[in-house]
Amino acid sequence: MVHAVYPGSFDPITNGHLDIIRRALKIFDILTVVVMNNSKKIPMFSIEEREELIRKTVRLENLSVMVDHSDGLLVDYADRIHANVILRGLRAVSDFEFEFQLSLMNRKLNPNIQMMYLMSSSDLTFLSSGLIREVASLGGDVSAFVPQPVIAQLALKFKGV
Ligand code: ADP
């Protein structure tokens, strides 16, 4: 059984993330999406909100995925839940350098866990949670780019803007 962990900030989950999840389900036997705290980013949504948005999205889309959150080291988390793969998405060359560093560091920390990457779909490469937060906070319509539960949550957050 190949169990993959898909980690990220998911602040919030976008159609880009959802595309990676859908494609990962065709490859791996078990998929756990885990919301991590990124110390370099100040989140818009709390960990609980981000996790709940992912849960609602996968339920709505009928996707058999486990959803969790973790504060610690990613490789330790993967080890704890007996996952053998860490999955990440790659949008552009700009993602590559950081992901390359991350993958080498994770391999040093735990050589038993493989880092694997899925290239973003061409119509979704421009999508990032940061851009969604920015457009939504300025009153722009992001409904074509995020799952339905996120549209509702953003509307609540920016009510009156
Ligand atoms: P992080 O803060 O860990 O980068 P993100 O939530 O921004 O978390 O992204 C989680 C993962 O999903 C990363 O590997 C990122 O490259 C990938 N990702 C984000 N947006 C897209 C997209 N539009 N298409 C493909 N992969 C994506």
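Here, each number is a calculation from the coordinates, and none is a lab measurement. This structure is a prediction, so every number in the text was calculated from the model and none was measured. Cβ atoms come from the backbone with ideal geometry, glycine included; neighbour counts cover every protein chain shown.
A few points about this structure:
- Relative contact order computed over segment 25-114 (Cα-Cα under 8 Å; 6+ residues apart), in percent: 28
- Around residue 53: net Lys/Arg minus Asp/Glu count, Cβ-Cβ under 15 Å: -1
- Shape call, segment 57-98: gyration tensor on alpha carbons, a/c limit 1.5: oblate
- Computed per residue of the chain from DSSP H runs no shorter than four, each worth -39500 (n - 2.57), the mean residue ellipticity at 222 nm is -13000 deg cm²/dmol.
- Protection-proxy order for peptides 102-109, 69-76, each taking the mean of Cβ atoms within 10 Å per residue, highest first: 69-76, 102-109
- Comparing 84, 37, 110 in a Gaussian network model of the chain (Cα springs below 10 Å), the most mobile by mean-square fluctuation is 110.
- Phi-based couplings in Hz for segment 72-83 (Karplus 6.51, -1.76, 1.60; Gly and Pro marked x): x, 6, 4, 5, 5, 4, 4, 4, 4, 9, 6, 8
- Charge context of residue 130, other residues only, Cβ under 11 angstrom, K/R +1, D/E -1: 0
- Working from Cα pairs under 8 Å separated by at least six residues, relative contact order for the chain is 29 percent.
- For residue 121, neighbours were defined as the other residues whose beta-carbon sits under 12 Å from its Cβ, and their charges (Lys and Arg +1, Asp and Glu -1) total +1.
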